[in-house]
Amino acid sequence: MSKAIFYHAGCPVCVSAENGLAHSLDPSKYDVESVHLGEQSGRVAEAEQVGVKSVPALVLDGQAFHINFGASIEDLK
C-alpha cells in the first residue's frame, strides 16, 4: 500500500481540497494521513523536506502535489 499525506492549514480552501481530493483516494491503494499544520506545527519541517511550498498539498509516495493556494508554508512557521 502506498502512503499519501495531505498537508493543510484548516482554511476553507484546504477543507474543500481534503473533502474533494484526499477522501477520494482509493483506500485499498493509499494509506491517507491528514496533517493540520496549524495544529501540528512540529511537522512543518517534514512537509518542507518533501517539497511542500504551500497548502493544501498532497504528497503521494514522496512527491508533493500543490492543489490550490491556501497558505504559504512560510506562513505556518
Restricting attention to the range 17-32, and to residues there that are surrounded by 15 or more Cβ atoms within 10 Å (Cβ to Cβ) and part of a helix (DSSP H, G or I), which single residue is modelled with the lowest pLDDT? 22
Restricting the search to the range 34-54, which residues are under 14 Å from residue 8 (Cβ atoms), in a helix (DSSP H, G or I) and either at pLDDT below 95 or in contact with a helix residue (DSSP H, G or I) (Cβ under 9 Å, 6 or more places away or on another chain) (or both)? 41, 44, 47
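Where residues in the range 1-24 are under 11 Å from the mean Cα position of the chain (by Cα) and among the β-branched types (Val, Ile, Thr), which of them is farthest from residue 58 (Cα to Cα)?
As a first pass, look at the range 1-24 and keep what is under 11 Å from the mean Cα position of the chain (by Cα): 4-10, 14-15, 17-18, 21-22.
Retained after the next criterion (residues that are among the β-branched types (Val, Ile, Thr)): 5, 15.
On the way: 5: 6, 15: 13 Å.
Selected residue: 15.
The values are calculated or read from the model by the stated rules, or taken from the named source; none is laboratory data. Everything numeric here is computed off the predicted structure, so don't read it as measured data. Because the Cβ atoms are built from the backbone with ideal geometry, glycine has one as well, and the counts that use them run over all protein chains shown.
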